[in-house]
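The values are calculated or read from the model by the stated rules, or taken from the named source; none is laboratory data. Bear in mind the structure is a predicted one, so any value in this text is a computation, not a measurement. Don't worry about glycine lacking a Cβ; one is built from the backbone with ideal geometry, like all the others, and counts go over all protein chains shown. For the accessible areas, the whole protein counts, side chains as well, though only heavy atoms, and no ligand, DNA or RNA atoms are used. Shrake-Rupley method; radii C 1.70, N 1.55, O 1.52, S 1.80 Å.
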Amino acid sequence: MWNMNNICGNKMRIIELSSKESKDGKRKIKVILHEIYKDDSQYNKNGITWLEEYCNKNLGSIKGTSITCEFLNEERTEILGHGETGIEDGVPIFENATMIGVLERGYIDDIEIDGEIKKVCIAEGHLDAMRYKNFIDVLEKRYLGGEVIYGSVEIIGLKENENKIRYLEGYKEKGRIPTEFRYSGFAILNIEPSDDTARLLEINNRKGNVAMDDFKKLLEEIKNRIDETSECKRKLEENQKELDTVNVTKKELLEKLNVLQGEKDELLKQVSDSKTKIENLEKELKTVKSQGLISELEESLKEFTDEQKETVQKEIQEFKNDPINSDLEIDDIVQKILAEIGKKLFELKKENMCEQNSFKYNENDILEEVFETNSKTFSIF
């Protein structure tokens, strides 16, 4: 068997030459069921968009499905379409179709079709060469003559869905995406297909009598691929030399990078140490500043008696807890003490005025007495 694929990055058509006829009368066949699209902006002539995600989920249903065709003559050499005769209980009926083989497995692959790489669903199986020898001989002759043998995939709904095919976002004329379905067959056609990609991909040669012209074409293609391979090898050698030069430069750069990284690490350590020292100094400065403010407060309050300071104990304590961030100023505390003293003096004055009819002291005498009492502390007015 000749099998060349993906030489120097390009895909080739696979050609199989077999000189052995299967003893059980089976002729191996490979077909493309349908193309797989990227999204619902692409669809076949029937409006169906096949997406890889849902096709993958249903590949298992391909095993055991039938390969069919609709014969037009008694010799069973001329064919037409699906052979469909109607639909019963949601299931299409193909009474005019003849089963000529079975599909055994399916998979998804990228393949070149008419010069374009496409993602497709492929199925492999066999044809019944004992019962349909004439038709398979004609099919093989048409295929080896370069003719494209088209086909069409058939699907049905699942029993649990009442044999109805489920579509993503429901049924629509164009871009409908089958999600829950089962592959039910593949029909070989002699009419225009709904999917130009669906076709016969390979059929094993029963006698090994491939035409010499085809074989020469194959050899010429192999030679071209070998030449391309040699050119690829030459380019690879050139690229390797460039790569070696780049690797030397890369090594030198890495060494310099390691040196610079070491210097960077040392600088970062110095910055970290400096930051720690600054933080410690700031703490010490805050402590000293706080102690200075507390000392200043105590100096401002030393002329007042404990009784006079009693009214501002809350403010004094609040200030001492955090002198730097306190909302209170020393003058605020002192002014509050003075205000309380003035208030008491005012109340005392009012009391003395009420008693002046009983006593011969005037206002100045009363105040003089009061100020005398507090003269040791401070002067007011």
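See the values below:
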{"read-out": "Complete set of residues in the stretch 151-191 that are in contact (Cβ under 8 Å) with a residue 40 or more places away in the chain and assigned to a loop (DSSP other than H, G, I, E, B)", "value": "Gly157, Glu162, Asn163, Lys172, Glu173, Lys174, Gly175, Phe181, Leu189, Asn190, Ile191"}
{"read-out": "Any hit, the stretch 93-101, residues being more than 37 Å from the chain's Cα centre (by Cα), in a strand (DSSP E or B) and modelled with pLDDT under 80", "value": "yes"}
{"read-out": "Gly170 being at pLDDT 90 or above, small (Gly, Ala, Ser) and over 23 Å from Ile93 (Cα atoms)", "value": "yes"}
{"read-out": "Residue check for Tyr43: in a loop (DSSP other than H, G, I, E, B) and either farther than 16 Å from Leu189 by Cα or modelled with pLDDT of 95 or more (or both)", "value": "yes"}
{"read-out": "Lone qualifier among Asp128, Asp110, Asp114 - being free of Cβ contacts under 8 Å to residues at least 24 places away in the same chain and of a type outside the set (Gly, Ala, Ser)", "value": "Asp114"}
{"read-out": "In the stretch 114-172, residue most open to solvent (accessible area, probe 1.4 Å) [restricted to those that are under 28 Å from Gln42 (Cβ atoms) and among the acidic types (Asp, Glu)]", "value": "Glu169"}
{"read-out": "Residue match in the stretch 46-60 (condition: touching a residue at least 24 places away in the same chain (Cβ under 8 Å), of a type in the set (Phe, Trp, Tyr), surrounded by 14 or more Cβ atoms within 10 Å (Cβ to Cβ) and assigned to a loop (DSSP other than H, G, I, E, B))", "value": "yes"}
{"read-out": "Within the stretch 142-161, tally of residues that are acidic (Asp, Glu) and modelled with pLDDT of 90 or more", "value": "2"}
{"read-out": "Given (1) modelled with pLDDT of 95 or more; (2) buried (at least 19 other Cβ atoms within 10 Å of the Cβ), number of the condition Ile79 does not satisfy", "value": "(1)"}
{"read-out": "So Glu329, is it in contact with a Phe, Trp or Tyr (Cβ under 9 Å, 6 or more places away or on another chain), surrounded by fewer than 14 Cβ atoms within 10 Å (Cβ to Cβ) and in contact (Cβ under 8 Å) with a residue 40 or more places away in the chain", "value": "no"}
